[in-house]
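A.B. asks: Mind having a look at this structure? Questions to follow.
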Amino acid sequence: MNGEQFLVQTTVFLAAAVIGVPLLKRLGLSSVLGYIVAGAAIGPWGLRLAGDVEGVRAFAEIGIVLLLFLIGLELLPARLWELRRAVFGLGAAQVVATGSVLGFAAWALAVPPGAAAIVGFGLALSSTAIGLQILIEKKQLSTPQGRAGFAVLLFQDLAVIPLLAVLPVLTEGHAGAVHVTGGFSPLVTIVLLAAVVAAGRYLLRPYFRVLADAGSREVFTAGALLVVLAVGVFMDKLGISMALGAFVAGMLLAGSEYRHEIEADIEPFKGLLLGLFFMAVGMSVNFSLIADEPVTIAGLVVALVALKAAVMFALARAFGEKTPSAYALAVVLSQGGEFAFVLFSLAAGERLLPAALADLLVAVVTISMLTTPFLVNLLHCVPQRGEPGPEPAAPPAEDNPVIIAGFGRFGQIVGRILATRGIPFTALDSDSEQLEFVTQFGEKAYFGDASRLDLLRAARVDKAAVLVIAIDDIETSMKCAEIAKQHFPRLKIFARARNRLHAYRLLDLGVTRVWRETFHSSADMAGRVLAELGLPDSTAEETVRIFTLHDERMLRRAAAHHADMPKLIEIARAGRAELRTLFEQDRR
């Protein structure tokens with residue numbers, strides 16, 4: 001493909017997404033379905049504006065890799081340990097039970113035993129991209145069904161490794177094209193994997209510190225993408241899923257002070273590539289095959305979705321999920337998965353599956369993906385009875401009630417006082433040297449520019465009750481305040497003002513809780529000076545109190561005229577005269 005063709009194809013994909021996704025969102029449907037429909041419209045069976053489905057899908061699978069990286073970035077190791085029962089209990093039970101049921105069903109339909117096992121366990125896998133995307137869109141990733149769904153999908157990614165390893169064993173002569181360990185022995189693979197984890201733990205933080213010190217956002221973004229893709233490719237060479245490798249890389253950075261900046265930088269790439277993946281799914285729908293065997297394919301799709309949902313519901317209830325959560329989990333994981341495309345294609349290449357059967361299964365899996373957004377919407381329309389509803393979601397580890405933007409001398413004092421009362425907070429600062437300094441004293445802050453909307457969202461400011469703007473730079477402080485007021489109107493904002501003009505601008509923006517950084521300390525010092533000069537302590541304190549109250553009133557009175565310097569001078573002079581009058585009356 002030459003440069004001009006690439007530009008034309010890119011324009012076609014972007015236009016299809018821009019038209020399809022908003023259209024289906026207006027109809028109350030998921031953006032996932034919008035991408036799939038857009039892909040079907042421009043694909044080989046639609047308007048034929050785009051081809052090379054396999055090439056597009058292979059490239060777009062990087063979106064799944066980035067998605068798993070971001071999930072790992074949010075998941076501290078301690079949090080993963082809490083999910084161990086769901087991952088290795090519910091996840092393993094789902095793969096074994098669903099794979100067995102579907103395998104026996106295939107065998108009952110006269111599929112040979114070996115092929116039936118491949119069909120059963122291939123169809124047991126669900127779509128990581130669709131499942132997680134729907135949970136994220138519905139803001140359910142931290143709910144009971146969201147945590148359980150993530151655990152099952154994570155185990156399924158792990159299960160792909162032995163499933164791929166089985167294919168050469170089933171092939172006559174125990175040889176084939178699929179080598180799960182890339183030519184390495186299992187022991188060497190484990191050693192290399194451990195080396196990646198160890199290197200990541202000790203090298204990634206200095207690596208990102210160097211990138212942050214460069215002061216270039218583009219270089220930092222490129223460096224983050226390099227880490228994800230390099231680890232993913234290396235894992236792929238070991239025969240391990242790229243997505244799983246990216247998840248490990250994300251977990252290695254979960255406790256890093258750079259995690260929010262990395263998440264904000266990678267999020268747009270993840271969204272675009274995931275959208276491209278869903279469009280590739282839509283492009284791959286073989287409408288000719290569907291037209292030839294509509295009843296057979298429709299029956300198989302219904303049977304697949306119903307069997308997977310029924311098994312998942314039963315297992316979820318057995319593992320203690322409430323009925324509404326079990327229903328939601330069953331629907332979200334009821335479709336076939338993207339790894340089925342790989343598994344069935346390789347099995348057909350190894351002649352373990354007839355080519356016609358592999359094509360039929362790919363069509364069934366693709367259409368099953370289309371059903372999930374509809375079923376999710378339908379489930380939300382059906383009232384759940386028998387139980388009061390899902391239990392409240394446990395807040396994620398970083399859903400803190402306070403976000404401190406700017407962790408210099410001002411922000412640190414706020415953070416230390418909050419910490420003494422056991423109130424958790426998330427601190428953000430764009431100065432990597434400052435972060436390195438405060439870390440030496442046991443403080444915890446994250447690297448990032450808090451005046452960016454994507455970074456504030458990555459820091460979960462929408463879950464917070466209070467935003468403390470303690471940023472030193474006035475323009476950055478104002479930009480942060482403007483974004484917070486516009487996008488998070490319910491958030492209470494407490495802002496530091498460098499000087500009086502800065503305070504005027506904050507008040508004019510609608511930020512009413514403003515603290516001038518030197519005002520109160522200066523007033524306190526003035527009171528100590530009065531006491532040292534012989535005034536009674538009570539008189540000195542009262543003087544400071546009256547002055548402070550009067551100055552706050554004057555500040556708010558003058559804020560409406562902060563752009564009119566003559567008016568400000570007039571108000572200031574009138575204020576000083578008014579204050580002198582107050583103290584003269586007090587002395588009488």
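The values are calculated or read from the model by the stated rules, or taken from the named source; none is laboratory data. Predicted model, so just to flag it, every value in this text is computed and none were measured. Positions of Cβ are generated from backbone atoms using ideal geometry, with glycine treated the same way; all protein chains shown enter the neighbour counts. Surface accessibility is based on the protein's heavy atoms, side chains included, excluding ligands, DNA and RNA. Shrake-Rupley method; radii C 1.70, N 1.55, O 1.52, S 1.80 Å.
A.B. asks: For Ala199 and Ala97, FRET efficiency with R0 = 41 Å and r from the beta-carbon atoms, rounded to 0.05? Walk me through the numbers before you get to the answer.
C.D. replies: Numbers: r = 38 Å, r/R0 = 0.92.
Taking R0 as 41 Å, the efficiency between Ala97 and Ala199 is 0.60.
A.B. asks: Take the Cβ-Cβ distance between Val295 and Leu27 as r, set R0 to 35 Å, and report the resulting FRET efficiency rounded to the nearest 0.05. Display every interim value, and only then the final one.
C.D. replies: On the way: r = 28 Å, r/R0 = 0.79.
It comes out at approximately 0.80.
A.B. asks: On to the next question. Treating each Cα of segment 60-141 as an identical point scatterer and ignoring solvent, apply the Debye formula and state log10 I(q)/I(0) at q = 0.13, 0.24 Å⁻¹.
C.D. replies: -0.58, -1.11
A.B. asks: For Tyr207, Tyr504, write out the residues from largest to smallest accessible area, computed with a 1.4 angstrom probe and no ligands counted.
C.D. replies: Ranked from most to least accessible, the order is Tyr207, Tyr504.
A.B. asks: So what is the accessible area of the chain per residue, in Å², with the probe set to 1.4 Å? Mind dumping the intermediate values first?
C.D. replies: Working: 28230 Å² over 588 residues.
Here the per-residue accessible area is 48 Å².
A.B. asks: Here's a follow-up. Largest first, how would Phe234, Phe341 line up by accessible area (1.4 Å probe)? Please list the in-between numbers first.
C.D. replies: Values: Phe234 80, Phe341 10 Å².
Result, largest first: Phe234, Phe341.
A.B. asks: Could I ask something else about it? So what's segment 225-347 giving for Cα Rg divided by 2.2 N^0.38 Å, two decimals? Mind dumping the intermediate values first?
C.D. replies: On the way: Rg = 18.8 Å, N = 123, 2.2 N^0.38 = 13.7 Å.
Relative to the rule-of-thumb radius for its length, segment 225-347 sits at 1.38.
A.B. asks: Please report the Cα spread of the chain along all three principal axes, rounded to whole Å, starting with the longest.
C.D. replies: 107, 60, 51
A.B. asks: Let's test this: bin the Cα-Cα distances of segment 224-276 at 5 Å from zero up to the farthest pair and state each bin's percent.
C.D. replies: P(r) for segment 224-276, in whole percents per bin: 5, 20, 25, 27, 17, 6, 0.
A.B. asks: Let me ask you something else. Please report, in debye to the nearest 20, how large the charge dipole of the chain is about its Cα centre when each Lys and Arg carries +1 at its beta carbon and each Asp and Glu carries -1 there. Please list the in-between numbers first.
C.D. replies: On the way: 51 positive and 53 negative charges, 298 e Å.
Taking the Cα centre of the chain as origin, the dipole is about 1440 debye.
A.B. asks: Another question, then. If the chain between Glu82 and Arg351 were fully stretched, how many nm would it gain, using 0.36 nm times the residue separation less the Cα-Cα distance? It would help to have the intermediate numbers written out before the result.
C.D. replies: Working: separation 269, 0.36 × 269 = 96.84 nm, distance 4.20 nm.
Contour length minus Cα-Cα distance gives 92.6 nm.
A.B. asks: Between Tyr446 and residues 5 or more places away or on another chain, which pairs have amide H atoms under 5 Å apart, with H built 1.01 Å from N, and which residues are they?
C.D. replies: It is Ala427, Leu428, Asp429, by chain and number.
A.B. asks: Another question, then. Taking the Cα atoms only, what angle lies between the long axis of helix 474-487 and the longest principal axis of the chain, rounded to 10 degrees?
C.D. replies: Between helix and principal axis, roughly 60 degrees.
A.B. asks: In addition: Given a 1.4 angstrom probe, I'd like the percentage of the accessible area of the chain that is carbon and sulfur, rounded to a whole number.
C.D. replies: Numbers: 18010 of 28230 Å².
Within the chain, the accessible surface is 64 percent carbon and sulfur.
A.B. asks: Turning to a different aspect of this structure: What do you reckon, how do Trp81, Trp515, Trp107 stack up by accessible area (1.4 Å probe), largest on top?
C.D. replies: Values: Trp81 165, Trp515 110, Trp107 145 Å².
Result, largest first: Trp81, Trp107, Trp515.
A.B. asks: For the Cα atoms of the chain, what angle does the longest principal axis make with the long axis of helix 500-509, in degrees from 0 to 90, nearest 10?
C.D. replies: Once rounded, the angle reads 50 degrees.
A.B. asks: On a full-extension model of 0.36 nm per residue, what is the gain between Asp213 and Ala572, subtracting their alpha-carbon distance, rounded to one decimal in nm?
C.D. replies: Working: separation 359, 0.36 × 359 = 129.24 nm, distance 4.33 nm.
Separation in residues times 0.36 nm, less the Cα-Cα distance, equals 124.9 nm.
A.B. asks: A further question follows. FRET efficiency for Trp107 and Phe287, Cβ-Cβ distance as r, R0 = 51 Å, nearest 0.05?
C.D. replies: On the way: r = 29 Å, r/R0 = 0.58.
The value I calculate is 0.95.
A.B. asks: To the nearest 10 degrees, how steep is helix 186-213 against the longest Cα principal axis of the chain, on a 0 to 90 scale?
C.D. replies: 30 degrees
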